[in-house]
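Peer 1: Starting off with a structure, shown below.
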Amino acid sequence: MSGTGSDETVTFGDLSRGAYCPRQLYHARRADDREPPPEATDRIDLAFRYPSLRCAADRELREAPIDLQPDDYRRNLARLESRDDWDDLASPSRTRVLLSGKDCRGIAHKVVGDPAVPTIVSPGSPPEDGTWNHHRVRAVAAAKALAWEETRTVPEALLEYPAHGVVRTVELTTRAKAAYRSALRTVRAIDGPPPRVNDARCEGCEYSEECGTRTRSLRSLLGL
């Protein structure tokens, strides 16, 4: 398995997975397995149902792929409704937009606001504060791709965690852009299996058996 080459574009998904665990990306490439599983797609779709979920009954919410109790989930959506960009988040005019930048390409689940910023939707759970590094790297990639297409500065992106009713802002700070560049170099340099990590990331990884780690193989959402 050779790397992508220093001048080739990298997909948002590969960049995020490589930032999370380069060895996981290596196995995903070998298996030609980059599509999210159905359970992840169901959770992503929640981001396009905010208005109906905001008014949903307890029974409907308990049957939905959310991670909170109905009252807590509605409370989080009420907080979202107070945002200035709620209308765009709830009823976006641009959805699943293919963005092609200088170094990366991929799908922004929404493009919202004026001036527009990209939104990446995660099927996973947010940290207590901020965003996970590999999600942040993906959001930066989307912002840079949109900036490349529209020849303007895009200073931020949004990360949605719809199974929790949470939206976080990712500013393109010097640190965030450095993490993006580091991930890009890592992904482009993969030429054979990277070293094993043997840590908590392995516990939910679908490639743990192929990788040779000593953890059980479960379908992971964290690397998406």
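The values are calculated or read from the model by the stated rules, or taken from the named source; none is laboratory data. Please read these numbers as outputs of a predicted model, since none were measured by experiment. For neighbour counting, all protein chains shown are included, and Cβ atoms are generated from backbone atoms with ideal geometry for every residue, glycine included. The accessibility values were calculated without ligands, DNA or RNA, using every heavy atom of the protein model including side chains. Shrake-Rupley method; radii C 1.70, N 1.55, O 1.52, S 1.80 Å.
Here is a yes/no grid of residues against (1) outside any strand (DSSP E or B); (2) on the phi > 0 side of the Ramachandran plot; (3) of a type in the set (D, E, K, R):
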position: Glu60; (1), (2), (3): yes, no, yes
position: Leu68; (1), (2), (3): yes, no, no
position: Arg75; (1), (2), (3): yes, no, yes
position: Arg79; (1), (2), (3): yes, no, yes
position: Asp84; (1), (2), (3): yes, no, yes
position: Asp87; (1), (2), (3): yes, no, yes
position: Lys102; (1), (2), (3): yes, no, yes
position: Lys110; (1), (2), (3): no, no, yes
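Peer 1: Could you tell me which residue of region 49-65 is farthest from His109 (Cα to Cα), considering only residues that are touching a helix residue (DSSP H, G or I) at 6+ places or on another chain (Cβ under 6 Å) and open to solvent by 10 Å² or more (accessible area, probe 1.4 Å)?
Peer 2: Ranking the candidates gives Asp58 first.
Peer 1: Scan region 30-48 residue by residue and report those that are in a loop (DSSP other than H, G, I, E, B) and open to solvent by less than 90 Å² (accessible area, probe 1.4 Å).
Peer 2: Listed by number, the residues that qualify are Ala31, Asp33, Pro36, Pro37.
Peer 1: If you scan region 146-169, which residues turn out to be assigned to a strand (DSSP E or B), within 19 Å of Asn76 (Cα to Cα) and touching a residue at least 24 places away in the same chain (Cβ under 8 Å)?
Peer 2: Leu158, Leu159, Glu160, Tyr161, Val166, Val167, Arg168
Peer 1: Right, next: Determine which single condition Arg96 fails, assuming it passes every other condition in (1) part of a helix (DSSP H, G or I); (2) farther than 29 Å from Asp71 by Cα; (3) not aromatic (Phe, Trp, Tyr).
Peer 2: The one condition Arg96 does not meet is (1).
Peer 1: Testing Ala143 on (1) within 17 Å of Ala90 (Cα to Cα); (2) in a helix (DSSP H, G or I); (3) not polar (S, T, N, Q), one condition comes back false. Which one is that?
Peer 2: Single failed check for Ala143: (1).
Peer 1: Please state which of the following conditions Ala147 fails to meet, knowing it meets all the rest: (1) over 13 Å from the mean Cα position of the chain (by Cα); (2) under 22 Å from Ile44 (Cβ atoms).
Peer 2: (2)
Peer 1: Looking only at region 180-196, how many residues end up being among the aliphatic types (A, V, I, L, M) and either open to solvent by 50 Å² or more (accessible area, probe 1.4 Å) or modelled with pLDDT under 90 (or both)?
Peer 2: 2
Peer 1: Here's a follow-up. Quick one: is Val97 in contact with a helix residue (DSSP H, G or I) (Cβ under 8 Å, 6 or more places away or on another chain) and not aromatic (Phe, Trp, Tyr)?
Peer 2: No: the conditions fail for Val97.
Peer 1: Separate question: Taking the residues in region 197-213 that are free of Cβ contacts under 8 Å to residues at least 12 places away in the same chain and outside any loop (DSSP other than H, G, I, E, B) as candidates, determine which candidate is surrounded by the fewest Cβ atoms within 10 Å (Cβ to Cβ).
Peer 2: Checked region 197-213; the qualifying residue surrounded by the fewest Cβ atoms within 10 Å (Cβ to Cβ) is Ala200.
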